[in-house]
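Contents: one structure, followed by commentary.
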Amino acid sequence: MPAAPRVRIAPSPTGYLHVGGARTALYNWLFARRLHGTFILRIEDTDRERNRPELVDEILSGLEWLGLDWDEKTYFQSDNAPAHQAAAQRLYDAGKAYYCECTGADVQARKKPGEPPGYDGYCSRRDLPPGPGRALRFRVPEDGVTVVHDIVRGDPEFPNSTIDDFVILKSDGQPLFYLANVVDDMDMRISHVIRGEEHLPNTPKTSMLWDALGGGAQPIYAHLPDLVDAKRRKLSKRRDPEGVAVETYRRQGYLAEAMRNYLALLGWSPVDGREILTVDEMVVEFRLEKVNNSPAFFDVAKLSHFNGEYIRRLGTSKFIQVVQPWMETAPWEPDNYDPDAFARLAPLVQERVTTLSEVPPMVDFIFLDEPIVDEAAWDKAITRNESAPAMLAACRAGLAEAAWDAASIRAVLEAAADSLGLKLARAQAPVRVALTGRSVGPPLFESIEVLGRDKTVGRLDEALRRREQAGA
Ligand code: GLU
């Protein structure tokens, strides 16, 4: 039986957790959990200039939110700095790396017109000792090919002649990504490197370093397909910083379960093609070999559809519980919030939203003294609607007297519509706008029941007054 895998994600705290990074984390996690392996989190904080330590917490909390628990401690690459330096020294001592003092301008000045960019190997035979201003370069073999064993991409081959002698220690002594990344993977006995496609071109370099450092069997690679937008452009933190951050979706009221389910399908699907899967089903069914290599469309509309599905599957009390944080930041006075009133409307609201942040605007008319008025809706349904005054007045009269339950309220509105020779669906529009301020919302009769007689009658009076003032 093969040894249980050890995998890792290695985010750099130079940006927040984005959906691509979360998908990579999820695939690593699913792979490890199915095979009872180990899922490691290593924060690659070696690039001191570009690091933003405050982002580490956000990355951790995003992973926790998605339920991607990691094993062992949280590793920081900078803690392994002595091993990076020792590895560099070993490569130098063995003649597999050399010091170089060329600046970019030096290299450029030596180039003949039309020569490709990249380092020309000028210092490779100068045998320079270490010294200020000198970087350490890895000596790439001139001939041969480097083959990367990749589960998703087949086994791509990279001719060594296309790879320049690359820097592994900067002139200030700091290790570069390739070196630190490989040394850590070796030290952590990583068996599978599952990461984004953008790292594929780095892989021949890391793979050469692995061999040069005597790392033994190479890890197996899996480079996951890019996520793209509707125009098939690679998702970009630069172009769309909000739209690619996991935190944005969390704040808008996407459920972690829906997000995780949706992310799982960006490059993989279960054999029978079904889409809504529990996390346990994903763990059982996920196969790295089945990950495809074509770009995956990150479709926010589809994610929203998933989210709506997940919201509807919640029990009502769970729904009420998960929506609480959004209710607490809503525009009403906290004292005006009545949990019982919300509980009565909650099952109806739950049917109609795709994100939790849509909930407060659907029910705010209950808890505000005055509803927030959508003026365009008011104008259409009340100011420019000839039958509005009669309908509002008839409802006002009926509702002042009616028994207070949804069925009796409906009977009042029906009778009012009948008396005007109108269909109920059309006739109720001014009533909805007068009471809730908006043209859409939860079912009207139940909403009126929860709003209560006093506010209902008061708002109908106010609407009639405004309509009269507006004339027409
Ligand atoms: N630190 C790299 C990044 O943030 C990850 C490298 C890897 O997974 O090997 O993209």
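The values are calculated or read from the model by the stated rules, or taken from the named source; none is laboratory data. Fair warning: this is a prediction, and the values are worked out from it, not measured in the lab. A quick note on method: Cβ atoms are made from the backbone with ideal geometry, for glycine too, and the neighbour counts reach across all protein chains shown. Side chains are part of the model used for accessible areas, which takes the heavy atoms of the whole protein and leaves out ligands, DNA and RNA. Shrake-Rupley method; radii C 1.70, N 1.55, O 1.52, S 1.80 Å.
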(Q) Give me the extension gain from ASP93 to ASP340: residue separation times 0.36 nm, minus the current Cα-Cα distance, reported in nm with one decimal. (A) 81.5 nm
Q | Per-peptide average of other Cβ atoms within 10 Å, ordering 13-25, 158-170, 290-302 highest first | A | 13-25, 158-170, 290-302
Q: Measure off, as a whole percent, the carbon and sulfur share of the 1.4 Å-probe accessible area of the chain, all protein chains present.
A: 52 percent
**Q.** On Cα atoms only, tilt of 406-419 relative to the major axis of the chain in degrees
**A.** 60 degrees
Q: Please compute the Cα-Cα pair-distance distribution of region 65-108 with 5 Å bins starting at 0, giving whole percents from short to long.
A: 5, 15, 12, 13, 13, 13, 9, 6, 7, 6, 0
Q. What does the charge count near ALA212 come to, summing +1 for each Lys or Arg and -1 for each Asp or Glu among other residues with Cβ under 11 Å from its Cβ?
A. +3
Q: Quote the relative contact order of region 342-472 in percent (integer), defining contacts as alpha-carbon pairs under 8 Å separated by 6+ residues.
A: 35 percent
Q | Proximal lysines relative to LYS380, as straight alpha-carbon distance under 21 Å, when same-chain residues fewer than 8 apart are discounted | A | LYS423
Q) What's the FRET efficiency of ASN202 with GLU49 using the Cβ-Cβ distance as r and R₀ = 25 Å, to the nearest 0.05? A) 0.80
Q: Just flag the chymotrypsin sites (Phe, Trp or Tyr not before Pro) in region 369-472 sitting in loop per DSSP whose Cβ has no more than 12 other Cβ atoms within 10 Å.
A: TRP404
Q.
Let me check against my output: what whole-number percent is the relative contact order of region 168-224, with C-alpha pairs under 8 Å and at least 6 apart?
A. 39 percent
Q.
If I fit a long axis through the Cα atoms of helix 316-328 and take the longest principal axis of the Cα atoms of the chain, what angle between them do I get, 0 to 90°, rounded to 10?
A. 80 degrees
Q) At a Förster distance of 45 Å, what's the computed FRET efficiency of LEU348 paired with ALA470, Cβ-Cβ distance as r, to 0.05? A) 0.90
Q: Based on the mean of other Cβ atoms within 10 Å per residue, sort peptides 333-340, 60-67 so the most packed one is first.
A: 60-67, 333-340
**Q.** Sequence-distant residues sharing a close amide H with TYR254 (under 5 Å, placed H)
**A.** LEU356
Q) Where Rh is the Kirkwood radius over the Cα pairs of region 67-190, the temperature 20 °C and the viscosity 1.002 mPa s, what D in µm²/s does Stokes-Einstein return? A) 129 µm²/s
(Q) If you take every residue apart from TYR98 with its C-beta less than 11 Å away from the C-beta of TYR98, what net charge results, scoring Lys and Arg +1 and Asp and Glu -1? (A) +3
Q: Measure nothing fancy, just the Cα-based angle from helix 453-470's long axis to the longest principal axis of the chain, in degrees from 0 to 90, nearest 10.
A: 90 degrees
**Q.** Efficiency of FRET from Cβ geometry, LYS234 and LEU422, R₀ 56 Å, rounded to 0.05
**A.** 0.55
Q | Only Lys, Arg (+1) and Asp, Glu (-1) charged, at Cβ; the chain dipole about Cα centre in debye | A | 1020 debye
Q: Give the cross-link partners of LYS231 among the aspartates and glutamates, using a straight C-alpha distance below 14 Å as the criterion and excluding same-chain residues fewer than 8 apart.
A: ASP240, ASP299
Q: Compute log10 of I(q)/I(0) for the chain with the Debye formula, placing one identical point scatterer on every Cα and leaving out solvent, at q = 0.11 Å⁻¹, to two decimals.
A: -0.93
Q. If you take the square roots of the eigenvalues of the alpha-carbon gyration tensor of region 392-472 and sort them as a ≥ b ≥ c, do you get rounded (a/c under 1.5), prolate (a/b over b/c) or oblate?
A. rounded
Q.
At 1.4 Å probe size, put LYS237, LYS73 in order of accessible surface, largest to smallest.
A. LYS73, LYS237
**Q.** Local electrostatic count at ILE372 - Lys and Arg +1, Asp and Glu -1, tallied over other residues with Cβ under 12 Å
**A.** -4
Q.
Can you tell me, using C-alpha contacts under 8 Å and at least 6 residues apart, the relative contact order of region 254-333 as a whole percent?
A. 38 percent
